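K.L.:
After the structure tokens below, expect a handful of questions from me.
What follows is calculated from the coordinates using simple rules that are stated; it is not laboratory data. What you see is a predicted model; the values in this text were computed from it and never measured. Positions of Cβ are generated from backbone atoms using ideal geometry, with glycine treated the same way; all protein chains shown enter the neighbour counts.
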């Protein structure tokens, strides 16, 4: 700790001796607290110092902080390093670690393709070198230092991503990474709004290469500009179709599933068979191949390895499994660092379920099995894994290192032959391993069976939207998860929101709250429609009722008395003009009279609903509501000697009436990407299916029930397995509605059936199995709602429960 304190210019307050083996910024993803150094980062919506007492109780003893609180004096065993800025300290430590590593560092930047180039470069080099690469997309001001701190003394080549979104960020990344070889992938429009011009953004990215001996990229204006921004001693190795390119390439053939490229480099001439036909994969592959040519690999080796490149699954998927299981599928790569990250994600899932890990042998780690697998077994013990299943010969050979109930199989085939689906019940199952083991077959074996129509929920987009609304307010945030979280799935969304530390969840009925408690949700939950027969369960599961009438308040207070419970929180609803439910202004004296006697309830918050906050034409009425709310709440608060929270704003209100955030705001549809001010929110839910069959239909033929639509030309008509029983509104029939397939919108033709419908794909090259989007990133749900004369809420909550929800994050 003394050495670390000196490196980061901090003042050390010593505790018990600690051996630091891990670094963390997330209090919820720590697996070995006794060997972890926690950096208490602060931001607009969080403060890592708030979680130090909890981490200390969990066994952590080492912290980097910027504010030494009085309460920390009670943590007598803790080591505190006090610095001016915790993020700067993290970056200083990473820079020091980088300076003392012997590894050759390859830095990758660009608007797109960084992660794919990194992963493919790893696949191409790992047979010959001890290669380390940034976990996932750890390329930010926080992600890069965490990546660099993962480089160990045995690493020969480290591949580090660098991503920026604001001017001035790359300088910090460059000072940490100090790459010897740089790769520039592509200049796109991402984060373009934060730069005055593309040249300014390019100049920012070029800073990464100022320490490079070599820079690699595609010929063109971007690389010519980068040449003017780096020292004259920097060499460039450029590829492209330009005859003057250092590596001259020419596409010879594009066929189903692959692209043949002729490559000329000096006196080397060869044909690459890239196993992906698209232009992005071609560019990413050539950036990676350029590194091999720089390192003088032979054409035969390059050809062989490129043919074996595997697609990079950029998403960790969370899916419903059989027998009430949840699957965490993360089998696109396998190494100890990514395994640790996968365990961290596993730790954030439903706490009521046992944890199961299915793991394959690690491939090409450069470590002996005798060193590697005992440490993996210890990591599993630290993570409280209930059951471990090892796939592969090496894991089987080290079975004695693992818990006695562990199971081992030589390969995936043996697992599928010997395991029964009934062996897995009510568990969270992480499936993690190398591509060679084809663990996707295990995922398919354990996945809940349903038809191919899905509602895909982008958890990263949801977090983006949450953070947008957090940036608009200093108030506490409650999030509505009623109605199956607007169709997205209550448990999964609630777990995500709890992980990101929202202050309250709100459900419609007690049953929804009980389900969340059963799923391990511990944060406060308010019930908007409490029913008297549910009072006992609400008390048992600590669910806080909305009280909108005096008789309900009296009955709930009696229920508390029966249970002998004092000071139970309730939320008092006021009617300010919605005229649905709530105390009117003339009811306030009776409400206050109730509280003149000692009661078992106390008022946690007072709130009301706005009737038209999303439309400017109602602003006068909205302000009238708010002013009435202020008057009523001031009257109530004056009679109590404790602070009562106030809240009246929904998603639209948060955006449009920032001066009235009070103590709490309620986020609902905004979380799902719907903005009243056209803010840059992200679509969360994508309703998707796949083409199940295609029929060639002559001109003049009717399509579907009722013969409402006819072909006007020889047509290709596709059937997709989604109908009105799934939530596809029947009013979209007969060319009213469109879907998105193969880059184009195509019309729905004929009447939508209960389980299927037909689409006209004549103007596309779509084939059986191609993905079809009903709404999502290409057809916004708001557009669909306008077309149907309804609101996005109805569309989202109308998706049938039989439609499988698939959750993913980058």
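K.L.:
Take every Cα pair under 8 Å in region 703-810 that's 6+ residues apart, average their separations, divide by the length, and report that relative contact order as a whole percent.
P.N.:
Relative CO of region 703-810 lands at 26 percent.
K.L.:
Let me ask something additional. Normalised by the residues of the chain, what does the relative contact order come to in percent, with Cα pairs under 8 Å and at least six apart?
P.N.:
Once divided by the residue count of the chain, the mean separation gives 8 percent.
K.L.:
To one decimal place, what Kirkwood hydrodynamic radius in Å is obtained for region 2-85 from all pairs of distinct Cα atoms?
P.N.:
Over region 2-85, the inverse of the mean reciprocal pair distance is 12.6 Å.
K.L.:
Cα centroid distance between region 75-114 and region 687-736, in Å?
P.N.:
Result: 56 Å between the Cα centres.
K.L.:
Just to confirm the number: angle between the C-alpha axis of helix 369-382 and the first principal axis of the chain, 0 to 90 degrees, nearest 10?
P.N.:
10
K.L.:
Run the numbers on region 316-449 and let me know its relative contact order in percent, using alpha-carbon pairs under 8 Å that are six or more apart.
P.N.:
It rounds to 42 percent for region 316-449.
K.L.:
Next question. If one computes the Cα centroid of region 362-394 and of region 510-530, what distance in Å separates the two points?
P.N.:
37
K.L.:
Here is a follow-up. Fewest Cβ neighbours within 10 Å first, please rank 754, 170 accordingly.
P.N.:
The fewest-first ordering by Cβ neighbours comes to 754, 170.
K.L.:
Please compute the Kirkwood hydrodynamic radius over region 570-643, one decimal place, Å, based on all pairs of different Cα atoms.
P.N.:
It is 13.2 Å.
K.L.:
Helix-only estimate, please: 222 nm mean residue ellipticity of the chain, summing -39500 (n - 2.57) across DSSP H runs of length 4 or more and dividing by its residues, to the nearest 500.
P.N.:
-8500 deg cm²/dmol
K.L.:
How much FRET efficiency would the formula 1/(1 + (r/R0)^6) give for residue 11 and residue 460, where r is the Cβ-Cβ distance and R0 is 35 Å, rounded to 0.05?
P.N.:
The value I calculate is 0.40.
K.L.:
Give the percent of DSSP beta bridges with both residues in the chain that are antiparallel, rounded to the nearest 5.
P.N.:
The answer is about 40 percent antiparallel.
K.L.:
Just report the Cα centroid separation between region 205-241 and region 1-22, whole Å.
P.N.:
39
K.L.:
Please say if region 78-227 is rounded, prolate or oblate, where rounded means a/c under 1.5 for a ≥ b ≥ c the square roots of the C-alpha gyration tensor eigenvalues, and otherwise the choice is prolate for a/b larger than b/c and oblate otherwise?
P.N.:
oblate
K.L.:
Please report the antiparallel percentage of DSSP beta bridges with both residues in region 2-85, rounded to the nearest 5.
P.N.:
That works out to approximately 30 percent antiparallel.
K.L.:
Relative to the first principal axis of the alpha-carbon coordinates of the chain, what is the inclination of helix 336-347, with its axis defined by its Cα atoms, in degrees from 0 to 90 and to the nearest 10?
P.N.:
Helix 336-347 sits at roughly 10 degrees to that axis.
K.L.:
Rounded, prolate or oblate: which fits region 456-672, taking a ≥ b ≥ c as square roots of the Cα gyration tensor eigenvalues, rounded meaning a/c under 1.5, else prolate when a/b beats b/c?
P.N.:
It is oblate, given that a/c is not under 1.5 and a/b is not larger than b/c.
K.L.:
Using DSSP, restrict attention to beta bridges with both residues in region 101-307 and report what percent are antiparallel, rounded to the nearest 5.
P.N.:
Antiparallel: roughly 40 percent of the beta bridges in region 101-307.
K.L.:
Also: For Rg and Dmax of the Cα atoms in Å, several values are listed as (i) 28.4, 88; (ii) 29.2, 95; (iii) 29.0, 127; flag the one computed from this structure.
P.N.:
(ii)
K.L.:
Assuming a ≥ b ≥ c are the square roots of the Cα gyration tensor eigenvalues, decide whether region 141-228 counts as rounded (a/c under 1.5), prolate (otherwise, with a/b larger than b/c) or oblate.
P.N.:
In terms of gyration-tensor shape, oblate.
K.L.:
Now for a separate question. Round to the nearest 10 and give me the degree value, 0 to 90, for the angle of helix 114-125's Cα axis relative to the longest principal axis of the chain.
P.N.:
40
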